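The values are calculated or read from the model by the stated rules, or taken from the named source; none is laboratory data. Here the structure is a predicted model, which is why all the values come from computation and not from measurement. Neighbour counts are summed over all protein chains in view; Cβ atoms, including those assigned to glycine, are modelled from backbone coordinates with ideal geometry. Areas reflect the complete protein model, heavy atoms only, side chains present, ligands, DNA and RNA absent. Shrake-Rupley method; radii C 1.70, N 1.55, O 1.52, S 1.80 Å.
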Amino acid sequence: MKTTLYSVITALAAFGLLVGAVLLYIAARIALAAVLFMLFAGIVVWAVVRHFRAAPE
């Protein structure tokens, strides 16, 4: 009986680690996409500001 209980606990712990790893992977992908989007937006803003500063008045 004790062995079965330990087996169930171990299986639940392994499943929890797997779910945690998948969620961490998804969060990392979202964070990477957000960083790349902010970098792209920063480049666009920099280019627009530079363009209007270079324009003669």
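At-a-glance table
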| read-out | value |
| --- | --- |
| Test result for ALA47, modelled with pLDDT under 95, part of a helix (DSSP H, G or I) and out of contact with any Leu (no Cβ under 9 Å at 6 or more places or on another chain) | yes |
| Where a residue in region 36-48 is small (Gly, Ala, Ser) and its partner, wherever it lies, is exposed (fewer than 10 other Cβ atoms within 10 Å of the Cβ) and not in a helix (DSSP H, G or I), with Cβ under 8 Å and at least six apart | none |
| Boolean, ALA54 is of a type outside the set (Val, Ile, Thr) and either open to solvent by 100 Å² or more (accessible area, probe 1.4 Å) or within 31 Å of the chain's Cα centre (by Cα) (or both) | no |
